[in-house]
Amino acid sequence: MSSKPTLGVGMVGYAFMGAAHSQAWRSAARFFDLPLTPHMAVLCGRQADAAAAAAERMGWAATETDWTALIAHDDVQLVDICTPGDSHAEIAIAALRAGKHVLCEKPLANTVAEAEAMAQAAAEASSQGVRSMVAFNYRRVPALALARRLIEQGRLGEIRHVRAVYLQDWIVDPEFPLVWRLQRDKAGSGALGDIGAHIVDLAQYLVGERLRSVAGFTETFIKERPVPDASSGLSATGGAARGEVTVDDAALFHGRFSGGAIAAFEATRFATGRKNAMRIELNGSRGSLAFDFESMNELSFYDGTEDADTAGFRRILATEPSHPYVSAWWPPGHLLGYEHSFTHEVVDLVTDIAAGRDPVPSFADGLQVQQVLAAVERSAAGDGSWQEISS
């Protein structure tokens, strides 16, 4: 048994993100030398039987059906929020005020007002030694963390262009049911907030600057969908009820960074054949970097200072022990996967908590991404004109 202090974790929600976060909490201390040992203390879900089954499957010690009861547990020092966006603010603020550290899935909230309240609560809690972080996991992909390092070293020179796309196709079928992600009151927005938030955060993380203005538009291709049958778990078909889709299916927008670089963003759930294609390219005065999540262990780098006779994009396999996070895992060339980004997220969070410093991305960072998303929506709701980002 470890002699290190434990960090009791309580997690709210156990679906897709809950499973990914559970894997991270299980594996982090087994591969990394952490200053605190995570203890998966309590899992919370609304249905007792389903929560108990999920806890047994994922490795949680106990369950609750009320998140307020989870926060009250003496053996919970950190609350991990993996619920739809409509409950993020209420849970996070309550947890912070109770003196619990918080990890919250992205986007931080459904509205700027909610995100502002969360950021304020986080700032107040920080002064009391209580830490918080928003879960933008792609920052922790080794190849992308390496890209950030190369940019910080000046290998690209002055950044001039950024192109970022996130392409999925999981709702192309018009008979796909009206799940919570397609309802504004639960999700806040559609492709813009769900996957667009990722590329906004990633672009700003890599460039090291914030977007100062955006302009764009959104589109909803399928206006109505079958209402899920709660009793059977199946979607309604035929003449059964259909409900309105109240979020965007796709968003395209341009942006200007504070340092002068320009950017183009595309987020869609209607790119037929694309399952989780997240790509980003940055062009600078001295070189370029390109990344494709479908080849997530690879980074393409062009050194513009090399002789033109031999210059060209080269493939960097980001699996060397010197690359970010990789030394804790496998020998060079043995690839990492999606789940490792969440483990790295936990590693950084636990390390920062033990060191008494605020993790990144902070709730303030999450608020700023929310302000970008709101500015895109303002532009889309109007005439597509440029919108300044609130500071």
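The values are calculated or read from the model by the stated rules, or taken from the named source; none is laboratory data. As the structure is a prediction and not an experimental result, all values here were calculated from the model. Positions of Cβ are backbone-derived with ideal geometry, glycine not excepted, and every protein chain shown enters the neighbour counts. For accessibility, only protein heavy atoms count, side chains too; no ligands or nucleic acids. Shrake-Rupley method; radii C 1.70, N 1.55, O 1.52, S 1.80 Å.
Of the residues that make up segment 277-293, is at least one more than 22 Å from HIS161 (Cβ to Cβ) and open to solvent by 30 Å² or more (accessible area, probe 1.4 Å)?
No, every residue in segment 277-293 fails to be more than 22 Å from HIS161 (Cβ to Cβ) and open to solvent by 30 Å² or more (accessible area, probe 1.4 Å).
Between a residue in segment 369-391 that is closer than 13 Å to GLY188 by Cβ and any residue that is among the acidic types (Asp, Glu) and at pLDDT 95 or above, which pairs come within a Cβ distance under 7 Å, given they are 6 or more apart or on different chains?
Going by the 7 Å Cβ cut-off, the qualifying pairs are VAL369/ASP201.
Could you count how many residues in segment 263-276 are in contact with a His (Cβ under 6 Å, 6 or more places away or on another chain) and open to solvent by less than 20 Å² (accessible area, probe 1.4 Å)?
0
Filter segment 205-220 down to residues that are within 24 Å of ASN137 (Cβ to Cβ) and outside any strand (DSSP E or B) and give me whichever is least open to solvent (accessible area, probe 1.4 Å).
LEU206
Can you tell me which residue in segment 174-204 is least open to solvent (accessible area, probe 1.4 Å), limited to those that are more than 17 Å from VAL247 (Cβ to Cβ) and among the acidic types (Asp, Glu)?
Looking at the filtered set, the residue picked out is ASP201.
Go through (1) in contact with a strand residue (DSSP E or B) (Cβ under 7 Å, 6 or more places away or on another chain); (2) surrounded by 12 or more Cβ atoms within 10 Å (Cβ to Cβ) for GLY333 and report which single condition fails.
So the condition that GLY333 fails would be (2).
Under 7 Å between Cβ atoms, at least 6 apart or on separate chains: pull out the pairs that start in segment 55-68 with a residue that is within 13 Å of ALA20 (Cα to Cα) and end on any residue that is modelled with pLDDT of 95 or more and open to solvent by 50 Å² or more (accessible area, probe 1.4 Å).
That search, which allows pairs on different chains as well, returns MET58/TYR14; GLY59/ARG26.
Out of all the residues in segment 354-367, which are hydrophobic (A, V, I, L, M, F, W, C) and crowded, with 22+ Cβ neighbours inside 10 Å?
Correct list: PHE363, LEU367.
Keeping to segment 18-43, report how many residues are without any contact (Cβ under 8 Å) to a residue 40 or more places away in the chain and within 21 Å of the chain's Cα centre (by Cα).
4
Name the single residue, out of those in segment 368-391 being within 24 Å of the chain's Cα centre (by Cα) and farther than 28 Å from MET133 by Cβ, that is most open to solvent (accessible area, probe 1.4 Å).
Once the filter is applied, the top-ranked residue is ALA380.
In the set ALA143, ALA113, ALA92, which member is touching a Cys at 6+ places or on another chain (Cβ under 9 Å) and among the small types (Gly, Ala, Ser)?
ALA92
Filter segment 125-156 down to residues that are farther than 18 Å from ILE316 by Cβ and either touching a Lys or Arg at 6+ places or on another chain (Cβ under 6 Å) or outside any helix (DSSP H, G or I) (or both), then give me how many there are.
10
Quick one: how many residues across segment 137-172 are within 26 Å of CYS82 (Cβ to Cβ) and free of Cβ contacts under 8 Å to residues at least 40 places away in the same chain?
Of the residues in that region, 0 qualify.
Across segment 294-312, what is the number of residues that are open to solvent by 40 Å² or more (accessible area, probe 1.4 Å) and either within 17 Å of ARG148 (Cβ to Cβ) or free of Cβ contacts under 8 Å to residues at least 24 places away in the same chain (or both)?
11
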